[in-house]
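Report on the structure given below.
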Amino acid sequence: MTAADLIQAIQDRFPQGVRAAHSYRGDATVIISRESLIEVARTLKEDAAFQMNFLMDVTAVDFSSFGKKPSPAFFSSSGVAVRPSPEIPDRERWPGPPGPERFAVVYHFFSLPLKHRLRVEVPLGDAEEADAEVDSLVSLWAGADWLEREVWDMFGIRFRGHPNLKRILLYEEFVGHPLRKDYPVNKRQPLIGPVN
Amino acid sequence: MADIRTETMTVNMGPQHPSTHGVLRLVLELDGETVRSAAPTIGYLHTGIEKTAEQKKWQQVIPLVERMDYLSAQSNSMAFCMSAETLLGIDVPERVKNIRVLIAELQRINSHLVWLGTHGMEVGAVSVMLYCFRERELLLNINELLAGFRMFPSYMRVGGLREDLPRGFHDAVRAFLDRFPPKLDEYEDLLTRNEIYLKRTQNVGVISQDDAVAYGLVGPIARAAGMDYDVRKYFPYLGYDTYDFQVPTQTAGDAYARYQVRVAEMRESVKLCRQALERISPTGAFAVDDPRITPPPKDRVYTEMEALIQHFLIYSQGFTVPEGEAYVPVEGPRGEHGFSIVSDGSNRPWRVKSRAPSLMACQALERMIVGGLIADVIAVIGSIDVVMGDVDR
């Protein structure tokens, strides 16, 4: 299935769940609401038309201040900055972040029998604590376990129904979630010694 | 016999265990010699490369990603460059593609040699380690010739390569390719029908095809369980569809099948290297001809004002990459590996995420060792070829 066919098939199946879809540089991307994630994922996995048996990757992106801040050209202290610019022209433009929400959880699905890929994005807000939460896919793919734990660790996005949602790369005493854009890159955390 | 103790014992293996390939820690619950449960703990090598990459300009990310999976440095940087090139919408010259294929395949042999050597040593065949590192030394010498750096050459660039091939490169690679296949036979003489090695690896660490799919396992582990998934065949990049090579598979799914797959892969890589070497002319284009991305040659920088300005701009503020997101998978030595990158249109990446095959393999480790013997744990860790730098990033 080509990217356009794949998107069309999913849009037909989930007219409510799909918020937007696009194909950029050959990658099919579908943006869905978080309520429909489990249903979409199960259909992608089990339906004969999709057969997405691989969950290749789960990650997240923090889109706060996306494309607004100039980026330092030398060191941040030098004050010389580069603004995002259309210097290299782009014929097929990317439609932009998946939504006005701060986060997007990104799933990469892959079908071994049908040889197609799909990127599914779930925008999540952070106005309230319960907003940065999405259903866990561990019940469908055992491999989602560590990937979702990593997203929790790095972004503080919770996965509802995850059996063991603990930090994975960092330690329990770590404060904050380092891949959020508001986490300073040079922030130090206190050293912890052995317990007792 | 009434006072035999029957409770289970908890053993902490690692993080500084010599055969855990870095800093993997396993908390094992043992019943006699049988592993009842295993809890892998990772993160001891977490260096925050993904956060650091967001602070760097696009070209500066290349040395960083090479240090993720430190045994397949050039596959990492190639995957990153290909994602960035997809966003930029540039197509690298044919010669660059062929050189990249050659480098990627040499890197695969390099990585598999380290794997074979350490895995052989862990199951008791120390001489295999000495043999493998002997041939790997030649590959590191080729890296040194190519880029002046043995482990992390940083030879890839967005838009092509850093510089042209050095004089004598073809001869060095050809000498290696002539020398290597007979040496591969030597390794096989030591292991393939070695009674001890067979006993240590057959029916050890078995993973079924269904489990491999559920855990997202790719690369040699999946191919040893009967899947023929290889990115080079499924989604050909760099013109891999024009090369003649096979994807070796096995069906047993155990540690021995993984050994067979990887050794066969090295033979296929030699074939690929020979074909690529044939296509590469000794001199020619080594980067895309775009002054916004490729720095001008040094002799022009020293003699022309415009080239000097261009050089200064590229090295001080870098180039901007159009807004967008891309994920281009490549077949690294450990399977599908790729970078999901997001750009906000500035000179630094907004988000860089590595799809790490070692992380998934490490996750499935528990499935492979529970129910087996504790002595087999070492053989299984060796056979899945985890690189902790890739797991923790």
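Residues that are among the small types (Gly, Ala, Ser) and in contact (Cβ under 8 Å) with a residue 24 or more places away in the chain do not occur anywhere in the stretch A:162-182.
All conditions but one from (1) among the polar types (S, T, N, Q); (2) surrounded by 24 or more Cβ atoms within 10 Å (Cβ to Cβ); (3) closer than 30 Å to A:Asn164 by Cβ apply to B:Ser77; the one that does not is (3). Just one of the listed residues (A:Ala48, A:Ala4, A:Ala41) is part of a helix (DSSP H, G or I) and exposed (fewer than 14 other Cβ atoms within 10 Å of the Cβ), and it is A:Ala4. Of all residues assigned to the stretch B:112-120, none qualifies as being more than 17 Å from B:Val387 (Cβ to Cβ), assigned to a helix (DSSP H, G or I), in contact (Cβ under 8 Å) with a residue 12 or more places away in the chain and not small (Gly, Ala, Ser).
Within the stretch B:92-104, is there a residue that is modelled with pLDDT of 90 or more, within 26 Å of A:Phe66 (Cα to Cα) and surrounded by 23 or more Cβ atoms within 10 Å (Cβ to Cβ)? For the stretch B:92-104, residues modelled with pLDDT of 90 or more, within 26 Å of A:Phe66 (Cα to Cα) and surrounded by 23 or more Cβ atoms within 10 Å (Cβ to Cβ): absent. Evaluating A:His162 against the criteria (1) crowded, with 16+ Cβ neighbours inside 10 Å; (2) at the interface with chain B (Cβ under 8 Å from one of its Cβ atoms); (3) not hydrophobic (A, V, I, L, M, F, W, C) leaves one unmet condition, (2).
Considering (1) within 13 Å of another protein chain (Cβ to nearest Cβ); (2) within 29 Å of B:Tyr315 (Cβ to Cβ); (3) without any contact (Cβ under 8 Å) to a residue 60 or more places away in the chain, the lone condition that B:Arg25 does not fulfil carries the number (2).
Checking A:Ala130 against (1) of a type in the set (Gly, Ala, Ser); (2) within 11 Å of another protein chain (Cβ to nearest Cβ); (3) surrounded by fewer than 16 Cβ atoms within 10 Å (Cβ to Cβ), only one condition comes out false. Which one? Checking A:Ala130 against (1) of a type in the set (Gly, Ala, Ser); (2) within 11 Å of another protein chain (Cβ to nearest Cβ); (3) surrounded by fewer than 16 Cβ atoms within 10 Å (Cβ to Cβ), the one that fails is (2). Restricting the stretch B:30-42 to residues that are within 13 Å of another protein chain (Cβ to nearest Cβ) and buried (at least 20 other Cβ atoms within 10 Å of the Cβ) leaves a set whose member that is farthest from B:Ala356 (Cα to Cα) is B:Pro40.
Yes/no per residue for (1) touching a Gly at 6+ places or on another chain (Cβ under 6 Å); (2) polar (S, T, N, Q):
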{"residue": "B:Val27", "(1), (2)": "no, no"}
{"residue": "B:Leu30", "(1), (2)": "no, no"}
{"residue": "B:Ala38", "(1), (2)": "no, no"}
{"residue": "B:Lys57", "(1), (2)": "yes, no"}
{"residue": "B:Ile62", "(1), (2)": "no, no"}
{"residue": "B:Ser77", "(1), (2)": "no, yes"}
{"residue": "B:Phe80", "(1), (2)": "no, no"}
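Only one of the numbered conditions (1) part of a helix (DSSP H, G or I); (2) more than 30 Å from B:Val391 (Cβ to Cβ); (3) touching a residue at least 24 places away in the same chain (Cβ under 8 Å) is violated by B:Asp164, and that is (1). For the stretch A:22-38, filtering for residues that are part of a strand (DSSP E or B) and away from every other protein chain (no Cβ under 14 Å) leaves 1.
Considering the stretch A:53-91 alone, what residues qualify as being modelled with pLDDT of 70 or more, part of a loop (DSSP other than H, G, I, E, B) and farther than 30 Å from B:Asp211 by Cα? Walk me through how you get there before you give the answer.
Of the residues in the stretch A:53-91, the ones modelled with pLDDT of 70 or more are A:53-69.
Subsequent filtering for residues that are part of a loop (DSSP other than H, G, I, E, B) retains A:53, A:63-69.
Those that are modelled with pLDDT of 70 or more, part of a loop (DSSP other than H, G, I, E, B) and farther than 30 Å from B:Asp211 by Cα: A:Phe63, A:Ser64, A:Ser65, A:Phe66, A:Gly67, A:Lys68, A:Lys69.
Would you check if there is a residue in the stretch B:378-392 being in contact with a Leu (Cβ under 7 Å, 6 or more places away or on another chain) and open to solvent by 10 Å² or more (accessible area, probe 1.4 Å)? Scanning the stretch B:378-392 turns up no residue that is in contact with a Leu (Cβ under 7 Å, 6 or more places away or on another chain) and open to solvent by 10 Å² or more (accessible area, probe 1.4 Å). The set of residues in the stretch B:137-174 being in contact with a Ser or Thr (Cβ under 9 Å, 6 or more places away or on another chain) and open to solvent by 10 Å² or more (accessible area, probe 1.4 Å) consists of B:Ala147, B:Phe152, B:Ser154, B:Arg157, B:Arg162, B:Asp164, B:Leu165.
For the condition in contact with an Asp or Glu (Cβ under 9 Å, 6 or more places away or on another chain) and at pLDDT 90 or above, what is the one hit in B:Val261, B:Val288, B:Val247? Before you say what the answer is, go through the steps one by one.
Values: B:Val261 fails: in contact with an Asp or Glu (Cβ under 9 Å, 6 or more places away or on another chain); B:Val288 fails: at pLDDT 90 or above.
Exactly one residue qualifies, and that residue is B:Val247.
Residue count for the stretch B:291-315 under the criterion of being open to solvent by 90 Å² or more (accessible area, probe 1.4 Å) and not charged (D, E, K, R): the result is 5.
Which one of B:Ala39, B:Ala2, B:Ala84, B:Ala53 is hydrophobic (A, V, I, L, M, F, W, C), out of contact with any Leu (no Cβ under 8 Å at 6 or more places or on another chain) and at pLDDT 85 or above? Talk me through it step by step, then tell me what you get.
Details: B:Ala39 fails: out of contact with any Leu (no Cβ under 8 Å at 6 or more places or on another chain); B:Ala2 fails: at pLDDT 85 or above; B:Ala53 fails: out of contact with any Leu (no Cβ under 8 Å at 6 or more places or on another chain).
Only one candidate passes the filter, namely B:Ala84.
The values are calculated or read from the model by the stated rules, or taken from the named source; none is laboratory data. Fair warning: this is a prediction, and the values are worked out from it, not measured in the lab. Positions of Cβ are backbone-derived with ideal geometry, glycine not excepted, and every protein chain shown enters the neighbour counts. Protein only, heavy atoms only, side chains kept; ligands, DNA and RNA dropped before computing areas. Shrake-Rupley method; radii C 1.70, N 1.55, O 1.52, S 1.80 Å.
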